[in-house]
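See structure below.
The values are calculated or read from the model by the stated rules, or taken from the named source; none is laboratory data. Just so you know, these numbers come straight off a predicted model, no measurement behind them. We place every Cβ from the backbone using ideal geometry, glycine too, and count neighbours over all the protein chains shown. Ligands, DNA and RNA are excluded from the accessible area calculation, which covers all protein heavy atoms including side chains. Shrake-Rupley method; radii C 1.70, N 1.55, O 1.52, S 1.80 Å.
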Amino acid sequence: MYKEGFFKDVTEMLPDPIFAIDKDGKIILWNSAMEKLTKVKRQEILGKGDYTYSEIFYGYKRPTLADFVLKPDEELERKYYINFRRNADGAVEGEAYSSKLDYYDWGKAVPIFNDDGDIEAVISISRDISRNIKYQKQRDILLKRYETLFVNSPDAIACFDKEHIIFDVNESFLRIFGYTREECIGKNLDDLVVPKSQREEAVKKTDELFEKGIVDVEAVRYTKTGIPIAVNIRAILMKIDNEILGGYGIYTDVSEKVKYKEELESANLELEATVEQLMSNEEELRAQYDEIQKYSEINEELKQKYEIAIEATDSFIWEIVINKGTINFSKNFVDLVGADAIKKENIYEIIKEIVHEEDRDKLINEIKKYQNEMIEEIDTQIRIIDKNNNIHWYLIRGKGIKNREGKINTLHGVLVEITRIKKQEQFIKFLADHDPLTGLYNRRKFREILDNELADNKKGALFLLDIDDFKNINDILGHVYGDELLRRFAKVINDMANENIVAFRFGGDEFLILIKEEEFQQLVSFADRLVKALKDRIVVDYFENNLTVSMGIVQFPNDGDTIDELLIKADIAMYNAKKAGKNRYFLFDEQMKLNFNYKISIENMLRKALKKEAFFIVYQPIVETRTGKVSSLEALLRIRDSHITPDKFIPIAEETGLILPIGKWVIKEVVKQISRWAKRGYESLPVAINLSPRQFYDASLIDYMKKVLEEYDVDPSLLEIEITENVFAEKRHETVAILNRLKNLGVRISLDDFGAGYSSLNYLTFMPIDKVKLDKTLKDKFVEFENIKIMDSLIALVHGLNLKVVTEGVEEIEEYEMMKRAGSDFLQGYLFSKPLAKADVEKIFYKNYNELLKK
């Protein structure tokens with residue numbers, strides 16, 4: 001058997017939503033994190049089965065991971081879960097989308113075995129992976145784009161791991177180098193395209209790639225059959241968190257460009273030789289003129305071809321003439337920035353004109369470092385301002401071109417736009433620290449900031465805000481409307497932020513505000529200002545929303561010096577604010593914790609009593625005033641070996657939802673006892689059972705009563721249901737409908753504690769009840785002041801509605817005589833008997849109390 005303490009000490013302290021079911025599929029655990037996620041209190045769900053809890057997650061009944069532990073079903077497991085897996089220890093895990101809660105979760109359900117090796121229960125944990133799914137979708141889009149570019153690129157592309165071993169190539173690679181895919185996969189990239197005689201130089205470039213992260217070079221590589229190909233090689237490493245995963249190499253066939261360049265150089269050499277001949281032999285000048293003209297035309301033609309090749313690469317070309325201090329650009333770049341921007345001759349003036357002011361010095365320093373041979377190439381990222389004042393990010397790379405004497409006269413390079421990459425980087429960085437819906441800092445950033453404050457022994461305060469009744473807004477107006485409302489709400493609290501006040505979205509409709517270095521009075525003042533700021537209604541789509549919040553406030557380090565401790569105490573304070581009526585704030589104090597712990601201890605005691613059947617029932621007789629005989633009994637609940645009275649544990653059972661399984665136990669135990677007395681030949685006496693509002697509105701109540709009455713063959717009229725006036729406070733039509741169903745079942749209904757609550761006679765005119773039980777306080781009030789005539793009138797009025805009257809709390813003979821004269825039909829109290837154990841009840845079945853009282 002699993003231990004109750006396990007649920008207290010582990011599940012309540014975990015931040016992940018957790019619930020558990022017993023072997024019959026009924027909820028036995030619903031931790032605070034699950035309450036926050038679903039907005040369903042544990043007292044509303046505990047004891048429910050038949051997949052009822054799945055409606056909270058998915059909007060309809062269906063098995064969950066916990067159910068698949070108890071009843072495996074491969075078809076439904078595949079239907080409802082992604083990446084479903086069943087482990088050897090019986091645990092299962094998988095991913096699913098919760099349409100009701102609008103989030104993706106990863107869950108795991110683990111069986112808990114008893115000493116006999118049978119499954120006693122299943123505990124299930126859920127973790128929000130919505131952000132992971134979003135990132136996954138973004139990654140899938142990027143991967144799809146990458147795949148499209150990879151597959152359709154005319155350039156040869158090879159992907160390799162950190163050992164430079166190929167794990168994928170595109171079709172262009174296979175076509176250009178003449179290999180099959182099988183011949184490429186698993187091979188060293190240099191081994192495929194570089195002959196052994198030239199391997200040393202290639203290995204140097206590979207080492208340079210793994211050192212610098214990027215290589216861009218023109219070289220000759222060889223096909224499978226040994227045919228040389230002039231290629232531009234661009235190799236880039238792939239890293240995550242500075243860990244090298246591998247990289248990819250892009251081979252652009254530049255054979256035609258090289259061919260044009262070689263032809264151009266050849267033509268220039270021939271032209272030079274021709275000029276030399278002309279200078280050495282004037283007599284041949286005219287004969288050579290046509291030859292010179294021919295080579296000039298070839299030169300121009302090759303120049304145009306070179307321009308076409310450059311434009312085809314979709315890059316911008318730049319050239320710096322060192323001795324002149326000027327810079328030239330390709331035509332497409334001139335079109336981008338405008339001719340006026342580069343009409344100046346001085347390079348520094350042009351840089352000032354087109355480069356973002358924050359990047360100018362960086363670019364100039366990069367060029368100077370290259371000229372001083374401090375770096376091997378120009379490689380940096382800058383922002384360019386186009387002619388429409390739009391800003392673009394560019395990767396600028398370049399090297400010097402040496403003349404025949406080995407001297408660098410010019411610097412040549414390319415500009416490649418990386419604006420989209422930069423925006424993606426900024427967006428990813430933003431998502432790491434911010435909530436995508438509201439733009440506020442997220443939970444991760446909250447922990448980072450508060451961690452630093454605590455580590456530096458700073459003092460401050462933490463506000464935990466929960467929007468009151470936000471679930472109703474989502475249910476009625478929809479999640480899209482709710483999301484917009486959350487954005488507007490976030491703006492309200494963010495407008496109050498400054499360098500010492502930071503707002504965060506904690507999740508759902510919960511927000512956090514961190515206040516640094518503030519004293520107590522400043523905290524109270526801020527809380528008041530926050531409540532006041534929210535009084536102005538937030539308008540969304542012409543609807544006015546009067547939002548209120550419940551706030552819990554803790555101070556550090558006074559209330560705690562760890563994040564988890566502060567959050568728990570803020571949650572306790574916020575819970576007390578909710579319980580006190582919402583729309584208010586409470587500062588945490590230790591008494592709250594003591595009250596909370598006391599509540600938890602009683603809750604655990606109730607769970608233990610349920611599990612170990614430590615409850616028992618005592619019965620107090622109700623005497624017919626006229627005859628003095630016992631007319632019925634009232635069943636009262638007690639806990640064995642405990643001094644905790646019902647007035648202490650019943651409200652907590654009601655709040656936690658434990659009242660539902662406890663109430664069903666009472667119903668079954670009472671019906672069973674009625675059946676036992678009948679079988680032993682005792683007179684059939686009706687027995688009254690108290691129902692709390694939560695039990696009364698339990699959808700399974702009436703069906704359960706019917707089932708138990710049929711199981712023990714007990715006449716429904718022998719079961720009497722006592723309800724209090726607070727059941728009538730709201731849901732009037734629903735209340736009447738339930739009462740009519742109970743009446744149709746055949747049970748009797750009494751209105752208990754009349755005069756202690758709302759005390760409205762109006763209820764008696766439309767509620768289908770049989771009796772009214774006058775509360776002891778009402779009886780004492782009139783008997784004490786001898787206003788028995790008022791009591792006479794009240795009882796007469798009730799009789800006029802064809803209802804019987806029971807007077808509770810009769811303890812003195814004088815009270816007995818007064819209430820008898822007033823016309824009370826039945827009497828109950830210690831004057832006749834205290835509540836009795838079932839064995840002692842049998843002794844009073846035929847007792848006549850009138851005769852005893854006369855003595």
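Annotations for the structure displayed:
- Only residues that are closer than 21 Å to L209 by Cα, among the hydrophobic types (A, V, I, L, M, F, W, C) and not in a strand (DSSP E or B) were counted across the stretch 145-199, and they come to 8.
- Residues of the stretch 731-742 classified as open to solvent by 30 Å² or more (accessible area, probe 1.4 Å), in a helix (DSSP H, G or I) and more than 23 Å from E669 (Cβ to Cβ), total: 6
- Here is the figure for the stretch 79-133: residues that are at positive phi and open to solvent by 70 Å² or more (accessible area, probe 1.4 Å) total 2.
- Out of I421, I476, sole residue that is surrounded by fewer than 17 Cβ atoms within 10 Å (Cβ to Cβ), more than 30 Å from K535 (Cα to Cα) and modelled with pLDDT under 90: I421
- I123 being closer than 30 Å to A20 by Cα and at pLDDT below 80: no
Residues checked against (1) surrounded by 13 or more Cβ atoms within 10 Å (Cβ to Cβ); (2) in contact with a strand residue (DSSP E or B) (Cβ under 6 Å, 6 or more places away or on another chain):
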position	(1), (2)
N152	no, no
F160	yes, yes
E171	yes, no
R181	yes, no
C184	yes, yes
Q198	yes, no
T206	yes, no
G213	yes, yes
Y222	yes, yes
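- Consider the stretch 827-855 and keep the residues that are assigned to a strand (DSSP E or B) and surrounded by fewer than 21 Cβ atoms within 10 Å (Cβ to Cβ). The one that is modelled with the highest pLDDT is L836.
Let's see how each residue does on (1) surrounded by fewer than 19 Cβ atoms within 10 Å (Cβ to Cβ); (2) hydrophobic (A, V, I, L, M, F, W, C); (3) at pLDDT 95 or above:
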residue	(1), (2), (3)
E683	yes, no, no
Q695	no, no, no
D698	no, no, no
L701	no, yes, no
K706	yes, no, yes
E711	yes, no, yes
D715	yes, no, yes
A729	yes, yes, no
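- Reported count of residues in the stretch 537-558, each being under 14 Å from E484 (Cβ atoms), hydroxyl-bearing (S, T, Y) and at pLDDT 75 or above, is 0.
- Residue in the stretch 657-667 that is in contact (Cβ under 8 Å) with a residue 60 or more places away in the chain and over 46 Å from the mean Cα position of the chain (by Cα) present: no
- Test: Y816 is free of Cβ contacts under 8 Å to residues at least 24 places away in the same chain and more than 55 Å from the chain's Cα centre (by Cα): no
- Any hit, the stretch 50-58, residues being closer than 27 Å to S601 by Cα and out of contact with any Cys (no Cβ under 9 Å at 6 or more places or on another chain): yes
- For the stretch 14-50, the set of residues classified as assigned to a helix (DSSP H, G or I), open to solvent by 20 Å² or more (accessible area, probe 1.4 Å) and more than 17 Å from R694 (Cα to Cα) consists of S32, E35, K36, L37, listed by residue number.
- Residue match in the stretch 619-628 (condition: farther than 18 Å from K773 by Cα, more than 43 Å from the chain's Cα centre (by Cα) and not hydrophobic (A, V, I, L, M, F, W, C)): yes
- Matching residues in the stretch 562-598 - criterion: being open to solvent by less than 20 Å² (accessible area, probe 1.4 Å) and of a type in the set (K, R): K569
- Flag if I563 is in contact (Cβ under 8 Å) with a residue 60 or more places away in the chain and either under 27 Å from L14 (Cα atoms) or basic (K, R) (or both): yes
- Considering (1) at pLDDT below 85; (2) farther than 21 Å from E448 by Cβ; (3) open to solvent by 20 Å² or more (accessible area, probe 1.4 Å); (4) not polar (S, T, N, Q), the lone condition that R488 does not fulfil carries the number (1).
- Residue match in the stretch 430-439 (condition: hydroxyl-bearing (S, T, Y), closer than 30 Å to R488 by Cα and either in contact (Cβ under 8 Å) with a residue 12 or more places away in the chain or out of contact with any His (no Cβ under 7 Å at 6 or more places or on another chain) (or both)): yes
- Filter pass, V798 being closer than 29 Å to L637 by Cβ, in contact with a Phe, Trp or Tyr (Cβ under 8 Å, 6 or more places away or on another chain) and of a type in the set (A, V, I, L, M, F, W, C): no
- Contact map, the stretch 215-241: residues that are among the charged types (D, E, K, R) paired with residues that are open to solvent by 50 Å² or more (accessible area, probe 1.4 Å), Cβ distance under 7 Å, separation 6+ or inter-chain. Pairs shown: D216/R234; K239/L245.
Quick grid of which residues meet (1) surrounded by fewer than 18 Cβ atoms within 10 Å (Cβ to Cβ); (2) at pLDDT below 85:
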| residue | (1), (2) |
| --- | --- |
| Q293 | yes, yes |
| N299 | yes, yes |
| I308 | yes, yes |
| S315 | no, yes |
| T326 | yes, yes |
| N332 | yes, yes |
| D361 | yes, no |
| N365 | yes, no |
| I375 | yes, no |
